Amino acid sequence: MRRARRAGEGGGFLREVRLNPEASTGRYPYTLPVVRALARSEGLALDAGVTFLVGDNGTGKSTLVEALAVACGFNAEGGSQNFRFATRASESSLGDSLLLTWSERKPRTGFFLRAESYYNVATEIERLDKEGGRPLLPSYGGVSPHERSHGESFIDLVTHRFGPHGLYLLDEPEAALSVRGCMAVLARLAELAGQGSQIVVATHSPILLALPGATIYGISDEGAIERTDYDGALPVRLTRDFLAAPERYLRHLLDEA
Ligand SMILES: Nc1ncnc2c1ncn2[C@@H]1O[C@H](COP(=O)(O)OP(=O)(O)O)[C@@H](O)[C@H]1O
Ligand SMILES: [Mg+2]
C-alpha cells in the first residue's frame, strides 16, 4: 500500500504550532484545557503529510483548527485564502496568538473546510461568479455546491478543487459523508499527501483515521494532547467496542435515558 508522506521525509509546509505564552486573556478560548495544554507545551509537531486531531465533543478541536486556519491566512468560516466573507464573527482570537514554524516550502494552494459553514462558502462561490472575473465553479466540479447533496459537494471539493502541493485544513469532513464517501475521501487525502500536500483534519471518523502513515493526536477531556496510533484513537476504540456488542452499550444507554 502506498504510504502518505511522513514528517521528516521532506515536504510539509507547516512544521509546528505553538501558542504565544503571553497571549492568555483569562477568557475563552484561552481557558480551554487544550489551549492551556498547548501554552504549557513545547509545541505541536505537524506531519508533513496528514495530521489528525481526535477527541470528544467540546475538547477544542474546532477551536484549534479554526485558529490554525486564521493564522495561515484563511477565512475563519472556510474557503481559500481569497475568501473574505463573514456571516458572523464566531472565530476566537486564538489565531493571532499562534506561533507557526514554516518550512522553506510554500503551499501552491489551500483550503479551510468547515463542515458546519460550507453552505456559506457555497453561497460565496455563487456570489463571486455572478460578479464576473475568472469563474470559480469549474474548479469545484462545475456544479454549484447548493445543487449537490452536502456529501456530494464535499467530494466535489476534495476531488476537483484540492490538488498537489496544497495546505488543507479540514474540520469534521465526515459530517456529511456516507461510509462509502468517507472511504473515497480517505483515498483522495492519501493521494494528495503523496503529491506533496499537507493536511490537518479534526475528525470523529474511524474510517478516515485509517489513512496510512498519518500522525494522530488525541485530545483528552483534561486538554492533554497525546500522540496515539490507530488502534488507540478514541473513535476507533469506541466504534469497535460498540459494533462488537451493541446490546451491551444499549443496555447502559437506554437504562440511563
Ligand atoms: N464562541 C465561543 N464562546 C465561548 N465558548 C465557546 C465558543 N465556541 C466554543 N466554545 C466552547 O469551547 C469548547 C470547545 O469547542 P470546540 O472547539 O467547538 O470543540 P470540538 O470541536 O472539539 O467539539 C466547547 O465546550 C464550547 O462550548
Ligand atoms: Mg468541532
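Across the stretch 46-65, the qualifying residues are those that are within 9 Å of ligand 2 (Cβ to nearest atom), assigned to a loop (DSSP other than H, G, I, E, B) and out of contact with any helix residue (DSSP H, G or I) (no Cβ under 7 Å at 6 or more places or on another chain), and the one among them that is least open to solvent (accessible area, probe 1.4 Å) is 58. Note on the stretch 81-96: among residues that are open to solvent by 10 Å² or more (accessible area, probe 1.4 Å) and among the small types (Gly, Ala, Ser), the one that is modelled with the highest pLDDT is 93.
Residues of the stretch 202-231 that are out of contact with any Asp or Glu (no Cβ under 9 Å at 6 or more places or on another chain), more than 16 Å from ligand 2 (Cβ to nearest atom) and more than 25 Å from residue 29 (Cα to Cα): 206, 210, 211, 212, 229, 230, 231.
Quick one: what pairs do we get from the stretch 137-160, first residue touching a residue at least 12 places away in the same chain (Cβ under 8 Å) and open to solvent by 50 Å² or more (accessible area, probe 1.4 Å), second outside any helix (DSSP H, G or I) and not β-branched (Val, Ile, Thr), C-beta under 7 Å, 6+ apart or different chains? Note: pairs meeting the criteria are 159/141; 160/141. Consider the stretch 1-15 and keep the residues that are open to solvent by less than 50 Å² (accessible area, probe 1.4 Å) and modelled with pLDDT of 90 or more. The one that is farthest from residue 101 (Cα to Cα) is 12.
The rows are residues; the columns are (1) at pLDDT 80 or above; (2) of a type outside the set (A, V, I, L, M, F, W, C); (3) touching a Phe, Trp or Tyr at 6+ places or on another chain (Cβ under 8 Å); (4) under 25 Å from residue 200 (Cα atoms).
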site: 125; (1), (2), (3), (4): no, no, yes, yes
site: 129; (1), (2), (3), (4): yes, yes, no, no
site: 135; (1), (2), (3), (4): yes, yes, no, no
site: 139; (1), (2), (3), (4): yes, yes, no, yes
site: 144; (1), (2), (3), (4): yes, yes, no, no
site: 151; (1), (2), (3), (4): yes, yes, no, yes
site: 162; (1), (2), (3), (4): yes, no, yes, yes
site: 166; (1), (2), (3), (4): yes, yes, yes, yes
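Of all residues in the stretch 38-66 being out of contact with any Asp or Glu (no Cβ under 8 Å at 6 or more places or on another chain) and of a type in the set (A, V, I, L, M), which is modelled with the lowest pLDDT? Among those that are out of contact with any Asp or Glu (no Cβ under 8 Å at 6 or more places or on another chain) and of a type in the set (A, V, I, L, M), it is 39.
The values are calculated or read from the model by the stated rules, or taken from the named source; none is laboratory data. Just so you know, these numbers come straight off a predicted model, no measurement behind them. Here the Cβ is made from the backbone with ideal geometry for all residues, glycine too, and neighbour counts use every protein chain on show. The protein model used for the area step is the full one, side chains on, heavy atoms only, and it has no ligands, DNA or RNA in it. Shrake-Rupley method; radii C 1.70, N 1.55, O 1.52, S 1.80 Å.
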